[in-house]
Amino acid sequence: MTLAAGHVDEIRELVRSSTGLLPRGGGSKPALSAPPHDGVVTVDVSGLRGIVAYDPAELTLTARAGTPVAELDAALAEHGQHLPFDPPLARAGATLGGVVAAATSGPGALRSGGVRDFVIGVRIVDGTGRLVSGGGRVVKNAAGFDLPKLMVGSRGRLGVIVEVSLKVFPRPRAAATLEIAAGGLDAAVAAATELSAGPWELDALELHPDGRLLARLAGDPEPMEARLARLVPALPAGATARRLAAGEADARWREAADLAWRPGGTRLVRAACTPAAIAPLWAAVAAAGGDARFGRGGAVAWIAWPDDAPLDPLDAALREHGLAACALTGAPAPDLLGAVRGGAFAQRVRAALDPDRRFLD
């Protein structure tokens, strides 16, 4: 059963009167928002939208959880600002609340940090129907329990996010992108590790399993050529680089943020990753006939796993390397794979925010 709620008071009443609750925003991540079994009450908050407060001078924005991130990006662009962590799936209708609940961050998170680093305040309806606030609408607000960070990656299991406050950044005035052919996957992993640890201040670094890297510099236009001139000679021996024209570069980064490279007939899984785990994880994905991209210099794996292939081999590969993953699209269960974390602390948080277990387990 799906119940739409366009006002906070409606959500509070739904929580008080229902069990098996699962919030849903834009539906861009159905593995997290689609009912995994009968008896689930889906709370559709897509009507809870709009910017509540935006202060360009203070670099802060507050919006309702059902607001599409594409709308936020357009509003920020008018003032030369943006969300530098490149929220994924914006073109698919991703909402602000969904980005926070799923903890999804795109290519720009390499340098600027992920969504967790930008959330400064939240308002949620908890499992008792209370409207609870944490953090605030200004950056220098550290009072009280860090509820905003708890909501990042909560998957709608701790409450219904109804409002989010974020810090925002000025949009870079210039950018330059290199496509680097490293000569194979192992060489690309080594190059990504070296580039991520170097003094180059890369804005984004994506790794393709065929051994290619996509590296972006961003900032002021005046030093851009000099930064490129220092970077290219520092590439590992045997690597070649091609600078992409602005239009091609924009298209490639949109493809990365939208995850548009994912073949049809696959489910999208986001996994934590390490450089050492890239090759064995890719071997498991390739054996199943899937595809993958490795973002943030190899710290995250975006995996396109065939819909008709069992998840057991992927789950085993993740567990072997101590990696946690979350399915974003495809069947709604299971949504957590690999080394699931949280334990006793997660249970205490759940008991505090949802003592009657009204939200879906």
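Derivation of every value follows stated rules applied to the coordinates shown; laboratory data play no part. Keep in mind the model is a prediction, meaning the values are calculated, not measured. Here Cβ is always computed from backbone atoms with ideal geometry, including for glycine, and neighbour counts include all displayed protein chains.
Worth a mention:
- Prolate/oblate/rounded call for the stretch 174-257, Cα gyration tensor, a/c under 1.5 rounded: oblate
- Gap separating the Cα centres of the stretch 7-77 and the stretch 276-354, nearest whole Å: 25 Å
- Top positive-direction residue, dipole computed over the stretch 34-93 with Cβ charges, set G50, A92, L76: A92
- Among R341, R24, R123: highest mean-square fluctuation, GNM of the chain, C-alpha pairs under 10 Å: R341
- Most mobile listed residue (A344, A176, A34) in the chain, GNM with C-alpha springs under 10 Å: A344
- Cα shape, the chain, gyration tensor, a/c 1.5 rule: oblate
- The length gained by stretching the chain between D117 and A190 to full extension, at 0.36 nm per residue less their Cα-Cα distance, is 23.6 nm.
- Under 5 Å between amide hydrogens, built in the peptide plane, is the criterion, and for G127 it picks out D354 among residues at least 5 positions away or on other chains.
- Packing around the peptides 210-222, 238-250, taken as the average count of other Cβ atoms within 10 Å per residue, puts them in this order, highest first: 210-222, 238-250.
- Gaussian network model of the chain, springs between alpha carbon atoms under 10 Å - residue of P223, P23, P313 with greatest fluctuation: P223
- ³J(HN,Hα) computed for each position of the stretch 170-180 - Karplus, 6.51 cos²θ - 1.76 cosθ + 1.60, integer Hz, glycine/proline x: x, 6, x, 7, 8, 8, 9, 10, 10, 9, 10
- Once the gyration tensor of the Cα atoms in the stretch 204-299 is diagonalised, the equivalent ellipsoid follows with semi-axes of 27, 17, 11 Å, ordered largest first.
- Sites E222 and A74, calculated FRET efficiency, Cβ-Cβ separation with R0 30 Å, nearest 0.05: 0.60
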